[in-house]
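Values quoted throughout were computed directly from the atomic coordinates according to the rules given, and no laboratory measurement underlies them. No experiment lies behind these values; they were computed from the predicted model shown. Here the Cβ positions follow ideal geometry from the backbone for every residue, glycine too, while neighbour counts run over all protein chains shown.
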Amino acid sequence: MDFHSDEENQARLDSGPLSRRSLGAIDTHTHYFPAPYRAAIDAAGITHPDGYHAGVPSWSLDAQLAHMENLGIETAVLSISTPGVQLANNDPAKVARDANEEGAQLARDHPGRLGFFASIPMDGVDRAIAEIEHAYERLGAWGVCLMTHTNGVYLGDPSLEPVFEALGRYRARVLVHPTEPAAFPAQVMPGWSRSMYEYFFDTTRTFINLIFSGQLVRNPGVRMIIPHAGSALPALAQRIERNVKRGNAEAGQQRYPSMIESLRSCWFDTAGSVLPHQMASLLALADPTRILWGSDFPYTNAQMGAELCADMRTSDILTEAQRRAILRDNALALFADKLPATAG
Ligand SMILES: [Zn+2]
């Protein structure tokens with residue numbers, strides 16, 4: 001699976017019925033670094049988040065808009081990436097508030113082009129709920145972004161019940177973003193970024209935990225977005241389902257929700273190298289109307305971004321209708337209150 005040259009990718013982006021000029025993509029997984037957030041990362045002494053080899057990427061509004069122009073992205077829903085707002089030498093509530101105010105300003109300044117997922121300080125239930133309310137009542141957030149865990153508290157933790165109730169009240173769209181697992185054997189693959197595969201394990205862990213907790217059944221309004229084509233969940237869903245059935249049989253009641261039905265009720269983004277192998281597995285599991293596209297800019301740089309976007313616009317393992325749905329139509333439906341449907 002060799003990469004294409006820059007020239008080849010530019011030609012691929014311009015080819016076919018879903019070229020960058022023909023179909024405006026909606027990017028639901030892409031990151032912004034407003035100045036206060038960048039300052040907070042610096043104050044925390046973070047130079048290579050989760051071992052990311054290239055360090056903290058640079059970001060500016062101009063670079064964001066150029067990226068969108070280059071790939072034919074009509075709308076980008078911005079979020080704060082790992083390590084989120086839980087940063088040493090900073091107050092997470094203030095880091096979140098500053099980032100959210102900036103996101104709201106960007107959305108106001110670029111209507112229809114930029115939206116944002118609000119960051120939430122998850123180090124205290126009251127603080128988390130206060131920011132969810134502020135984000136929805138005052139800032140017009142398009143959704144919220146939660147890390148897979150905060151200080152080792154994963155999303156199925158019983159202490160988070162009031163947070164999910166608040167998210168349910170707003171029918172929140174919740175993008176979950178991976179971060180370095182709370183615990184992992186550092187002697188395995190030392191020197192390699194945890195984004196290579198630990199992210200996938202942490203995403204998988206937090207969704208298994210969340211679904212088994214019953215949180216999604218009790219708060220059906222919450223619309224969860226699972227990143228990176230479901231990470232390892234499509235491969236594991238059937239195996240876990242057997243355990244659900246056994247656990248329910250032993251309990252003599254429906255104590256645990258169906259893993260497969262729960263996953264089919266979620267949305268999935270396709271940020272990263274999902275074609276061809278991972279996508280086939282996702283298509284076997286997911287509701288096809290709930291698969292979204294994401295560029296993961298700026299962690300995914302311009303060169304790789306062009307490669308992956310061209311793959312999605314031209315891949316022959318997907319039909320043209322599937323590619324159109326993933327790149328645009330499914331996100332239009334999910335964000336119908338934010339994006340008036342327009343011709344592609
Ligand atoms: Zn990301």
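Computed extension gain for Thr319 through Val188, at 0.36 nm per residue and net of the alpha carbon distance, reaches 43.2 nm. Set the Cα radius of gyration of the stretch 64-189 against 2.2 N^0.38 Å, with N its number of residues, and you get 1.11.
For the stretch 69-114, the Kirkwood radius over C-alpha pairs fed into Stokes-Einstein at 4 °C and 1.567 mPa s yields D = 108 µm² per second.
Taking the Cα centre of the chain as reference, the dipole from Cβ charges on Lys and Arg (+1) and Asp and Glu (-1) amounts to some 1000 debye.
Subtract the Cα-Cα distance of Gln254 and Ser22 from 0.36 nm times their separation in residues, and report this length gain in nm to one decimal.
Numbers: separation 232, 0.36 × 232 = 83.52 nm, distance 4.80 nm.
Stretched out fully, the Gln254 to Ser22 stretch lengthens by 78.7 nm.
Considering only Gln86, Phe164, Val244, and ranking their Cα positions along the charge dipole of the chain that arises from unit charges at the beta-carbon of Lys, Arg, Asp and Glu, the one farthest toward the positive end is Val244. Extension gain for Arg108 to Ser60 (0.36 nm times residue separation, less C-alpha to C-alpha distance): 15.6 nm.
Positive-end ranking of Leu292, Leu210, Val274 along the dipole of the chain, with charges on Cβ about the Cα centre, is headed by Leu210. Volume of the convex hull of the stretch 1-41 (Cα atoms only), normalised per residue: 163 Å³. Ranking of Ser60, Ser231 by neighbouring Cβ atoms within 10 Å, starting from the fewest: Ser60, Ser231.
Within the chain, DSSP assigns beta bridges of which about 10% are antiparallel (rounded to the nearest 5).
For the stretch 124-193, the dipole from Cβ point charges (+1 on Lys and Arg, -1 on Asp and Glu) about the Cα centre works out to 220 debye, to the nearest 20. Put in line by how crowded their Cβ is, counting other Cβ atoms within 10 Å and starting with the fewest, Phe212, Phe200, Phe207, Phe184 read Phe184, Phe212, Phe200, Phe207. Seen from all directions on average, the chain presents a Cα convex hull projection of 16.9 nm².
Report Rg/Rh for the stretch 143-291, rounded to two decimals, where Rg is the Cα radius of gyration and Rh the Kirkwood radius.
The Rg/Rh ratio comes out at 0.96.
List the trypsin sites (Lys or Arg not before Pro) in the stretch 226-308 that DSSP assigns to loop (not H, G, I, E or B) and whose Cβ has at most 15 other Cβ atoms within 10 Å. Which are they? Passing sites in the stretch 226-308 are Arg255. Here's how it looks for Leu292: its modeled amide H is under 5 Å from those of Phe268, Asp269, Thr270, which are all 5 or more places away or on a different chain.
Relative contact order for the stretch 119-226: what is it in percent, counting Cα pairs under 8 Å that are at least 6 residues apart? Working shown, then result.
Working: 142 pairs, mean separation 35.8, N = 108.
Result for the stretch 119-226 is 33 percent.
Within a Cβ distance under 15 Å of Tyr199, other residues only, what is the Lys/Arg minus Asp/Glu net charge? After counting each charged neighbour, the total is -4. Projecting label points 7 angstrom from Cα along Cα→Cβ for His48 and Leu283 puts them 3.8 nm apart. What fraction of the Cα pairs in the stretch 19-64, stated in percent, has a spacing above 16 angstrom? Everything past 16 Å amounts to 54 percent. Each 10 Å bin from zero up to the one holding the largest Cα-Cα distance in the stretch 33-106 carries the following percent of pairs: 18, 48, 30, 5. Of Val188, Val56, Val85, the sequence from fewest to most neighbouring Cβ atoms within 10 angstrom is Val188, Val56, Val85. Answer with one residue from Pro36, Ala321, Leu139: the one whose Cα lies farthest towards the positive end of the charge dipole of the chain, charges on Cβ with Lys, Arg +1 and Asp, Glu -1. After comparing all options, I get Ala321.
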